[in-house]
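J.: Quick one: this structure, given as structure tokens, is what I'll be asking you about.
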Amino acid sequence: MNRIALALAFVFLVVPSPAEAKWIWSTDTGLVDTKDYETADPQELYERGKTLYEAGKYDEAATEFSRISLYASEETFRERAGFMHGEALFHAAKYYKSFVAYEDYLTLWPRTPRLKEVIKRQLDIGIKMMDGAKKDLLGVPILSGRSTGIEILRKVLDKYPFEDFSVEY
């Protein structure tokens, strides 16, 4: 009996659901949905992500924004989507992933007009983690994020010590 249960669990974990759509990038067609081979332009995906974000479906919105920031050819879409990817992860309470998304964003767009907003958000992430937000281990929030929160605060304040709000943090 245990072998059968183990085999079934393996099948459900390994075999992807046919109902799930996966987007792939092609230089000829752009983004293509492998479920129904529908193409999408970055504006459509951005609007879909924005709608999901406004509806409070932050995980799904983060996925949409991530696709755009990775695959869109127009830099303005990639920049906006990169920022919104971090925001959606923050609101989904995936603080460490949000911090990493913002780090990636600042690497790609170091002179963004949103710089102060991103720095403040990163500092807020550090505070939230320091105050007890959990860090994921294999997708399950079980590890204490206190030390990670302190590391985030130190890292951000070392990079940006002279912002008008740095003293607060």
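The values are calculated or read from the model by the stated rules, or taken from the named source; none is laboratory data. Predicted model only: the values in this text are computed from it and were never measured. Reconstructed Cβ throughout: ideal geometry from the backbone, glycine too, with neighbour counts over all protein chains shown. Surface areas here come from the heavy atoms of the whole protein model, side chains and all, with no ligands, DNA or RNA. Shrake-Rupley method; radii C 1.70, N 1.55, O 1.52, S 1.80 Å.
J.: Which condition number does Arg80 fail, the rest of (1) over 24 Å from Thr148 (Cβ atoms); (2) outside any helix (DSSP H, G or I) being met?
T.: Result: Arg80 fails condition (2) only.
J.: Those residues that are open to solvent by less than 40 Å² (accessible area, probe 1.4 Å), charged (D, E, K, R) and touching a helix residue (DSSP H, G or I) at 6+ places or on another chain (Cβ under 6 Å), I need them from region 57-91; list them, please.
T.: Glu64
J.: If I ask for residues that are charged (D, E, K, R) and open to solvent by 80 Å² or more (accessible area, probe 1.4 Å), which ones from region 92-105 would you list?
T.: Lys97, Asp104
J.: Considering (1) part of a helix (DSSP H, G or I); (2) open to solvent by 60 Å² or more (accessible area, probe 1.4 Å); (3) at pLDDT 85 or above, say which one Ser147 fails and leave the rest.
T.: Just one mismatch for Ser147, condition (3).
J.: Those residues that are out of contact with any Ser or Thr (no Cβ under 9 Å at 6 or more places or on another chain) and not in a helix (DSSP H, G or I), I need them from region 57-72; list them, please.
T.: Ala72 - this is the single residue of region 57-72 that is out of contact with any Ser or Thr (no Cβ under 9 Å at 6 or more places or on another chain) and not in a helix (DSSP H, G or I).
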